[in-house]
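A.B. asks: Before we start, here is the structure in question, set down as C-alpha cells.
The values are calculated or read from the model by the stated rules, or taken from the named source; none is laboratory data. This structure is a prediction, so every number in the text was calculated from the model and none was measured. Cβ: placed from backbone, ideal geometry, glycine included. Neighbour counts: every protein chain shown. Calculation scope for accessible area: heavy atoms of the full protein, side chains included, ligands and nucleic acids excluded. Shrake-Rupley method; radii C 1.70, N 1.55, O 1.52, S 1.80 Å.
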Amino acid sequence: MTAAGANLRFRKMHGLGNDFVIIDSRHRKPRVTEAMAKALGNRNCGVGFDQLAEVFGGGSQPLRLKFFNADGSLSAACGNATRCVAWMLMNELGADSVELHSDRGLLQCLRLGDGRVSVNMGVPLLDWRQIPLAYEAETLELPIAGNPAAVGMGNPHCVFVVNDPEVTNVEDLGPKFERHPIFPERSNVEFVAALSRQRIRMRIWERGVGITRASGSGACASTVACARLGLVDKRVEVVADGGTLEVDWTDQGVWLSGPTTHVFDGELTTGFSSEING
C-alpha cells in the first residue's frame, strides 16, 4: 500500500454475520493490493472481515467487483458481499436493481425491501474442468474420503452430506479438505444435512478465511449438491450459523436472497499505511 492509500474510506457490512469491508475505487487510485487486503483483514491489527470487496467503474463504464479473502488471496465470487455492495449502490442510485460484473460474470441484483437483496449467482459449474479439479472425476461423488460433491460457483466448493453438521468438527476437517490435492485452487468446504425437502442446515469453512457464520456461494453450492443428490427441491432455505438464506436454482442461474446490514463507515489512517509499508 502506498501513501496514496492512506486516509482511504471504507464501509463495513455483513450478511448474517458473514462480514465484509467494501472499498469504493470508482473515483480513486491505486487499487487494493493483496498486502493491503491481508492487513485490513486482521481482526486484531486491522479492521477484520471474511472478504473485502472493491468496486470499480460507474458512469459510462460497467460496475465491477473484485474480491479478496482475509488472507489476501483473490476470490472470483462472494454472494453475500455482492448483495451488500448491491444494497449500497441501489441506495445511492435510487434504483431497485443493479448489474455488477465480476470474474464470475454478470450478476443481476434486485432490492427486496427491508435491507434484503437478491442476486443471480449464475449457472453452477459442474464439469470437473470448470470447477476446477486436478483430474477428471465424477463431481457428484469425488473419489476422496467422505465422497463429497464438487460445485463451482465462480469459486470451488467441496460439499459433504453429513448426519449432523452441529457435531461435525469443521475446524479440523475444513482446512484438510480446503487444501486437498484434488482442488488445485483450494476449496470452500461445506458440511450439510437436509432437514426437509425445502430446508438445509449448513456449516462452512471458507477458503482463505476459516469458519464463517454464513456464506452466499456456499449456500448456493450446498443447494445444488443436495438437489443433484435428490435430497431437496431446487428452492430451499439454507440455515447457517448466522441465520437463514434463501436459494432458488432456476434455469437462468442460482438466485441467492437474504438480509444485509450496514455496520459503520471508517477511514484508514496514515499510521496504518506506514505499518503496511514497513
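A.B. asks: Of the residues Ser257, Ser222, which is part of a helix (DSSP H, G or I) and either touching a residue at least 12 places away in the same chain (Cβ under 8 Å) or loosely packed, with under 15 Cβ neighbours inside 10 Å (or both)?
C.D. replies: Exactly one residue qualifies, and that residue is Ser222.
A.B. asks: Within the stretch 4-21, identify whether any single residue is under 23 Å from Gly208 (Cα atoms) and part of a loop (DSSP other than H, G, I, E, B), and answer yes or no.
C.D. replies: Scanning the stretch 4-21, I find at least one residue that is under 23 Å from Gly208 (Cα atoms) and part of a loop (DSSP other than H, G, I, E, B), so the answer is yes.
A.B. asks: Same structure, new question: How many residues, within the stretch 182-195, are open to solvent by 50 Å² or more (accessible area, probe 1.4 Å) and part of a strand (DSSP E or B)?
C.D. replies: 1
A.B. asks: Could I ask something else about it? Is it the case, given these coordinates, that Glu237 is acidic (Asp, Glu), open to solvent by less than 10 Å² (accessible area, probe 1.4 Å) and touching a strand residue (DSSP E or B) at 6+ places or on another chain (Cβ under 7 Å)?
C.D. replies: no
A.B. asks: For Glu171, indicate whether it is open to solvent by 40 Å² or more (accessible area, probe 1.4 Å), closer than 18 Å to Asn18 by Cβ and out of contact with any Cys (no Cβ under 9 Å at 6 or more places or on another chain).
C.D. replies: Spelling it out, Glu171 is indeed open to solvent by 40 Å² or more (accessible area, probe 1.4 Å), closer than 18 Å to Asn18 by Cβ and out of contact with any Cys (no Cβ under 9 Å at 6 or more places or on another chain).
A.B. asks: Does Val209 satisfy the criteria of being more than 17 Å from Ala145 (Cβ to Cβ), open to solvent by 30 Å² or more (accessible area, probe 1.4 Å) and out of contact with any Leu (no Cβ under 6 Å at 6 or more places or on another chain)?
C.D. replies: Considered against the rule, which asks whether it is more than 17 Å from Ala145 (Cβ to Cβ), open to solvent by 30 Å² or more (accessible area, probe 1.4 Å) and out of contact with any Leu (no Cβ under 6 Å at 6 or more places or on another chain), Val209 comes out as yes.
A.B. asks: Quick check on this structure: which one of Val189, Val236 is more than 21 Å from Thr260 (Cα to Cα), of a type in the set (A, V, I, L, M, F, W, C) and in contact with a helix residue (DSSP H, G or I) (Cβ under 7 Å, 6 or more places away or on another chain)?
C.D. replies: Val189 is the lone residue from the list that is more than 21 Å from Thr260 (Cα to Cα), of a type in the set (A, V, I, L, M, F, W, C) and in contact with a helix residue (DSSP H, G or I) (Cβ under 7 Å, 6 or more places away or on another chain).
A.B. asks: I'd like to know if the stretch 75-85 contains one or more residues that are under 19 Å from His27 (Cβ atoms) and assigned to a helix (DSSP H, G or I).
C.D. replies: So far as the stretch 75-85 goes, yes, one or more of its residues are under 19 Å from His27 (Cβ atoms) and assigned to a helix (DSSP H, G or I).
A.B. asks: Separate question: Can you confirm whether the stretch 140-150 contains a residue that is among the β-branched types (Val, Ile, Thr) and crowded, with 18+ Cβ neighbours inside 10 Å?
C.D. replies: no
A.B. asks: So, in the stretch 34-46, how many residues would count as being in a loop (DSSP other than H, G, I, E, B) and buried (at least 19 other Cβ atoms within 10 Å of the Cβ)?
C.D. replies: Number of matching residues: 1.
A.B. asks: Further question on the same structure: Count, please, the residues in the stretch 6-31 that happen to be buried (at least 22 other Cβ atoms within 10 Å of the Cβ), under 23 Å from Pro62 (Cα atoms) and either polar (S, T, N, Q) or free of Cβ contacts under 8 Å to residues at least 60 places away in the same chain (or both).
C.D. replies: Within the stretch 6-31, residues that are buried (at least 22 other Cβ atoms within 10 Å of the Cβ), under 23 Å from Pro62 (Cα atoms) and either polar (S, T, N, Q) or free of Cβ contacts under 8 Å to residues at least 60 places away in the same chain (or both) number 2.
A.B. asks: Which numbered condition trips up Arg111, out of (1) within 17 Å of Gly258 (Cβ to Cβ); (2) among the charged types (D, E, K, R); (3) exposed (fewer than 15 other Cβ atoms within 10 Å of the Cβ)?
C.D. replies: It is condition (3) that Arg111 fails.
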